[in-house]
Amino acid sequence: MTVKEHILALLDSNKGEYFSGEEIAVQLSVTRSAVWKAIKSLQTDGYSIQAVTNKGYSMSPQTDILSASAISKYLDTQGQKLRVEVFKTLSSTNEAVKSLASNGEAEGKVILSEEQTAGRGRMGRKFFSPPGTGIYMSILLRPKLSATDSALLTTCAAVAVALSIESVSGKETQIKWVNDVFMEGKKVCGILTEASVSLENGWLDYAVLGIGINVALPSDGFPNDLTEIATTVISENNSYGDLRNRLVAEVLNNFMGYYEQLTDRLFLSEYRKRLISLGKPVTVIKNNEQLKATAIDIDNDCHLKVRYENGDEEYLSNGEG
Ligand code: BTN
């Protein structure tokens, strides 16, 4: 860890407490000027660190900046094995993790960014990723799964997110097939899994599980095209303290819990409970033709069973309900 990272971890895990420059310098075996430089650099990064004469430096308890050390405080034993890294800005966390994956990075790397300049959604869409108010996170997995079973990662992640949002907000969530998490009729989280399959044996080489959660409303609000369809975990932005760090850890804890025994599908009953797509009309696009159908069931692989107007039935594996 660098001096800056050490100081961040110290202040972050003791928010509201003061540490003198001298004290920190001795603890880290560096000069006071190195401490001062690191503090300045953290302040420039946006951390709310007060410097008070005769008392020292302290981080405000209301600071809500994502940090690996703050997240780690809430991770359970299994979560502690993950290697979490937080960036200030990235084009896309999925892109960053994919590039690590193709260079041989081991399973368990997690990358978060305070903002994404080119956040990606499903079906070639963009994912709105403004700074400071969301969670944009990608997890590198190397499961022993066939390409077909890889869909389980995404559905399992949707359940992990749903449970986590419920636990930090006390509000209900729903899941819209395949994997959008909703609150009060609007989307609060989207998930994009990008996988690479080995051509030799058809097993996954790696999967990058990308999760985007709107936690609080950005000061300029949502762009016009999202106001009617998107929502946030919390409605009051005044001070949400450590909520994002806590939520990240909850999602990782919940996800890793299920991931251990993914093919046992322990998450499926929670998925079914929250699914809002059944009984609703769906438009199926086939060969550029739009077909009207009704969603009637999901199977154990979370494939959606639909019934067309002519009575024919079919299972869909991908798309939007
Ligand atoms: C969707 O709703 O269409 C999926 C959105 C997925 C967004 C997340 S944010 C973190 C990760 N990085 C990306 O570029 N996309 C995913």
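Starting from residues that are over 20 Å from N94 (Cα atoms) and touching a Lys or Arg at 6+ places or on another chain (Cβ under 7 Å), keep the ones in the stretch 139-171 and report whichever is modelled with the highest pLDDT.
Applying the filter and picking the extreme gives A162.
Output the helices (runs of 4 or more DSSP H) that fall wholly within the stretch 1-56 and possess 3 or more residues being in contact (Cβ under 8 Å) with a residue 40 or more places away in the chain, or say none.
Per the criteria, 3-12.
I want to confirm something. Restricting to the stretch 168-194 and keeping residues that are over 15 Å from the mean Cα position of the chain (by Cα) and farther than 23 Å from I298 by Cα, which single residue is farthest from the ligand (Cβ to nearest atom)?
G170
Among (1) loosely packed, with under 12 Cβ neighbours inside 10 Å; (2) of a type in the set (G, A, S); (3) part of a helix (DSSP H, G or I), which single condition is G311 missing?
Unmet for G311, out of (1) loosely packed, with under 12 Cβ neighbours inside 10 Å; (2) of a type in the set (G, A, S); (3) part of a helix (DSSP H, G or I): (3).
Could you check the stretch 307-321 and list, in sequence order, the residues that are at pLDDT below 90, out of contact with any Lys or Arg (no Cβ under 7 Å at 6 or more places or on another chain) and closer than 13 Å to K280 by Cα?
The one that is at pLDDT below 90, out of contact with any Lys or Arg (no Cβ under 7 Å at 6 or more places or on another chain) and closer than 13 Å to K280 by Cα: E320.
Quick check on this structure: which one of V97, V84 is at pLDDT 95 or above and outside any helix (DSSP H, G or I)?
The conditions single out V84.
Need pairs with beta-carbon distance below 8 Å; first residue at negative phi and within the stretch 133-159, second assigned to a helix (DSSP H, G or I) and within 11 Å of the ligand (Cβ to nearest atom); sequence gap 6+ or separate chains.
Y136/T93; M137/T93; S138/T93; S138/N94; S138/A96; S138/V97; I139/V97; L140/V97
Of the residues S41, S72, only one is away from the ligand (no atom under 16 Å from the Cβ), of a type in the set (S, T, N, Q) and not assigned by TED's automatic domain parsing to the domain that holds N14; which?
S72
Given the condition touching a Phe, Trp or Tyr at 6+ places or on another chain (Cβ under 8 Å), touching a residue at least 24 places away in the same chain (Cβ under 8 Å), closer than 22 Å to N245 by Cβ and part of a strand (DSSP E or B), answer yes or no: does some residue in the stretch 58-67 qualify?
Looking for residues that are touching a Phe, Trp or Tyr at 6+ places or on another chain (Cβ under 8 Å), touching a residue at least 24 places away in the same chain (Cβ under 8 Å), closer than 22 Å to N245 by Cβ and part of a strand (DSSP E or B), one finds at least one in the stretch 58-67, hence yes.
Quick check on the stretch 95-151: of everything there that is within 9 Å of the ligand (Cβ to nearest atom) and small (G, A, S), which residue is farthest from K187 (Cα to Cα)?
Across the stretch 95-151, the extreme among qualifying residues is A96.
The values are calculated or read from the model by the stated rules, or taken from the named source; none is laboratory data. What you are looking at is a predicted structure, and each value in this text was computed from that prediction instead of being measured. Cβ sites come from the backbone with ideal geometry, for glycine too, and all protein chains shown count toward neighbours.
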